[in-house]
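Below is one structure, written out as structure tokens; the observations come after it.
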Amino acid sequence: MDMIWRPTRGSTILDTTTSRTNPRALAHQMGVRVRTAVTPPGWWGAYDHRHRLITLRPGLAPIQLECTLMHELGHAHYGHVGVTGKQEALANRWAAHRLIDFEMVLEAAAAEQASVAVAASLGVLPSVLQTYLQTLTKAQLQRVRTAALRRVA
């Protein structure tokens, strides 16, 4: 049985408890339907541009589901049709910058030692954190390192 997420009345784009973009509300705003159904083997999600439809694999953990949904919304944002490495990289970066806020990274780096723990505290997959960090400037990376060093000191 397919499950289609319907936005609730009064849903907002911003989750006020975390200041992170709410992917379900964003999907609604973008006019993209989201359902849970079988996906191709090894895929957690798929975007069908012709139908403006995202399909998510059943049984994903909450963090997997949120990160996958935001990634697929990246494909919707760019109007991707098909799958290429360049499209995947664009969708990854788009999702990372909507799921992670720089100030949150600084706080998490000051509190957590391992990057896996930082990702968990941010509520994202380690791969999403890695993608986000790869897009930072040298000055921003230095601020993250300084925050992490304060934890050690």
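Side notes on the structure shown:
- What the phi angles of segment 53-60 give under the Karplus curve with 6.51, -1.76 and 1.60, with θ = phi - 60°, is a coupling list of 9, 9, 10, 10, 5, x, x, 5 Hz, glycine and proline written as x.
- Karplus-based coupling profile of segment 81-95, in residue order and whole Hz: 10, x, 9, 9, x, 5, 5, 4, 5, 4, 5, 4, 5, 4, 5, with θ = phi - 60° in 6.51 cos²θ - 1.76 cosθ + 1.60 and x standing for Gly or Pro.
- Segment 81-153 and segment 58-80: distance between their alpha carbon centers, rounded to Å: 17 Å
- Relative contact order for segment 18-153: 20 percent, from Cα pairs under 8 Å spaced at least 6 residues apart, divided by residue count.
- Exposure of Arg143 as accessible area (Å², to 10), given a probe of 1.4 Å and all protein chains: 120 Å²
- Computed 3J(HN,Hα) for segment 116-122, one whole-Hz value per residue from the Karplus formula 6.51 cos²θ - 1.76 cosθ + 1.60 where θ = phi - 60°, is 5, 5, 4, 4, 4, 5, 7, glycine and proline marked x.
The values are calculated or read from the model by the stated rules, or taken from the named source; none is laboratory data. Since the model is a prediction, treat every value here as computed from it, not as a measurement. Accessible surface is based on the protein model in full, side chains and every heavy atom, while ligands, DNA and RNA are left aside. Shrake-Rupley method; radii C 1.70, N 1.55, O 1.52, S 1.80 Å.
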